[in-house]
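Visitor: If you scroll down you'll find the structure; I have some questions about it.
Computed from the coordinates by the stated procedures, all read-outs in this text should not be read as laboratory data. This structure is a prediction, so every number in the text was calculated from the model and none was measured. Note: ideal-geometry Cβ built from the backbone for every residue, glycine included; neighbour counts use all protein chains shown.
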Amino acid sequence: GYEELEEKVNITKNDTLTYELTPVTVEGVINVSNVKKATIEVDGIIMKTTGKNGTTADVKLTPGRHTVDFSADGYKSQKKTFIIVNDPSRNNLSVELEAITVSFTITVTNVRDAYIELDGKKIVATNSGKGTTTTQVLMLGDYTVSVSAPGYIAQKEVISVTEKGVKSQSFTLEL
């Protein structure tokens, strides 16, 4: 696993030779195909990455097993074993990170058939009791919720969807 070193030397009785050997490294590519700002860590060292198509790290590693940790805000982390071989064309590791999602319920408490929009897109909602409800599976982040109904004053609010935060938002429309 080290680069060859060859040198002619003359040694006398009490001479000591010290050499620093350089490990052989082989090129490889590690990629998170669906996230542009992911962190790629190899054997505990964060790699320099580019974000053209996802997140990519061009690496030079010693042949053998390496542990690769993948992480990104809003996504579940992954850990993979990457086996580097002497053929660089075979040293490719690509993953897709799974988005963290949350079920989020939006309710208009006092109006049946209310319109609910999420980031400007109409959401299909159902009538429940005296109101209107929808439950959406959302990625973590901020969303603009708009609710309205004929004859009522429309409301708009930004909600923050977090893993541990509030999982619902209720609105009461006024005449």
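Visitor: Please give the length that would be gained between S94 and L5 if that part of the chain were fully extended, namely 0.36 nm times their separation in residues minus their C-alpha to C-alpha distance (nm, one decimal).
Guide: Going from the current span to full extension adds 28.5 nm.
Visitor: Residue farthest toward the positive end of the dipole of region 1-69, with Cβ of Lys/Arg at +1 and Asp/Glu at -1: which of T12, V35, V59?
Guide: It is V35, whose Cα lies furthest towards the positive end.
Visitor: Moving on to the next point. Convex hull over the Cα atoms of the chain, averaged projected area in nm²?
Guide: Quarter of the Cα hull surface area: 15.6 nm².
Visitor: Which three extents, in whole angstrom, do the alpha-carbon atoms of region 71-175 cover along their principal axes, largest first?
Guide: 73, 23, 21
Visitor: Within region 61-157, which GluC sites (Glu not before Pro) sit in a loop by DSSP and count at most 11 neighbouring Cβ atoms inside 10 Å?
Guide: E98
Visitor: With +1 on each Lys and Arg Cβ and -1 on each Asp and Glu Cβ, how big is the dipole of the chain about its Cα centre, in debye rounded to the nearest 20?
Guide: 780
Visitor: Also: Placing +1 on the Cβ of each Lys and Arg and -1 on the Cβ of each Asp and Glu in the chain, which of T107, T50, S168 has its Cα farthest towards the positive end of the resulting dipole?
Guide: About the Cα centre, the residue reaching furthest to the positive side is T107.
Visitor: How large is log10 I(q)/I(0) at q = 0.20, 0.23, 0.24 Å⁻¹ when the Debye formula is applied to the Cα atoms of region 6-99, each weighted equally and without solvent?
Guide: After summing over all Cα pairs, the log10 values are -0.91, -1.13, -1.21.
Visitor: How much length, in nm to one decimal, is gained on full extension between Q78 and R112, taken as 0.36 nm per residue of separation minus their Cα-Cα distance?
Guide: Gain on stretching Q78 to R112: 7.9 nm.
Visitor: If you don't mind, another one. Counting trypsin sites (Lys or Arg not before Pro) as exposed when in a DSSP loop with at most 16 other beta carbons within 10 Å, what is the longest stretch of the chain free of them?
Guide: By the stated rule (loop sites, at most 16 other Cβ atoms within 10 Å), 77-111.
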